[in-house]
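Every number in this text was worked out from the coordinates using simple rules, so none of it is lab data. It should be emphasised that the depicted structure is a prediction, and the values quoted were computed from it without experimental measurement. Note: ideal-geometry Cβ built from the backbone for every residue, glycine included; neighbour counts use all protein chains shown.
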Amino acid sequence: MIDCRLGELEPYEYKTLFKFETSYWWFRGLHSILRETLRDAGLRSGLSVLDAGCGTGQNLISLNENKHYEIFGFDISTHAASFWPQRGLDRVCVSSINQIPFREESFDAVVSVDVLECEAVDEMAAYSEMWRVLKPGGLIALVVPAYEWLLSEEHHKAVGATRRYSKQRLVGLMNTKPVELIRMTHLFASVFPLVVAYRVLQPYWKRSGSDAPRSDLKPLPNLINEILFNIAHIEKRILKHFDLPFGSSILALARKAE
């Protein structure tokens, strides 16, 4: 839901994103999963990490929770960039993922969360660029939304997205470059039935067509938010040992060929 233009994330959605990223269960759960996945794959302290399509920047903060890495990021949106000073981020710039403004083989890891599905993103060019700036032996971690049939007219219009992914489609994309696929798993399997139910029922309470489109990111009661986060935390423990066969997102981790 981040690096888009011509079908870009609506400007007011960046304000929502900034407000919720530090507390909302989905972001907290995902960022924690990403952090541990990279560590478990051998990403050591002091190495460089690029967040391609970093939005308002909370993923950069979360990845670097204990100041382990040299973190860099970029996003195409100047609306997103306006929030970076509030997060204390200074190694960030405005740019497109289709043309990443860094030299080849610059980073030990490249992370991209909910970017490839955006209308303005050329998925082949974007993936090629992420591969280009990655050092040989470096890690690339991609998170994308799962299942094309879960496309929601209002949510996806608000976040500028036009596609969702299957494992087969993501594998096909990643195999266009020399990589070793380390793992591919769905995420948030435990809440997947709730996601499906929400998307099925959503058209029945659709707001007036004259209203600006809004994403599914809505405030939750603190108790429910914490329950969902604890469920995501349990899933994180499971993910240390098993890949999940279904879920609302897909996480792929690969290593660039030496």
Determine, for the chain, the count of lysine pairs separated by eight or more sequence positions (or lying on different chains) whose alpha-carbon distance falls under 15 Å. 7
Using Cα atoms only, what is the angle between the long axis of helix 11-20 and the major principal axis of the chain, expressed in degrees (0 to 90) to the nearest 10? 80
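Out of the trypsin sites (Lys or Arg not before Pro) in segment 3-92, which ones are loop residues according to DSSP with at most 16 other C-beta atoms within 10 Å?
Sites meeting the loop and neighbour criteria: Arg5, Arg44, Lys67, Arg91.
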Between the helical axis of 222-239 and the dominant principal axis of the chain, each derived from Cα atoms, what acute angle in degrees is found, rounded to the nearest 10? 40
Please list the non-local residues whose amide H lies under 5 Å from the amide H of Ser249, H modeled 1.01 Å from N, same-chain partners needing a gap of 5 or more. Ala146, Leu187
Taking only Cα atoms, what is the 0 to 90° angle, nearest 10, from helix 192-201's long axis to the longest principal axis of the chain? 40
Before rounding to the nearest 500, sum -39500 (n - 2.57) across all DSSP H runs of length at least 4 in the chain and divide by the residue total; then give [θ] at 222 nm in deg cm²/dmol. -10000 deg cm²/dmol
Distant-in-sequence amide H partners of Arg183 (H built 1.01 Å from N, under 5 Å): Leu253
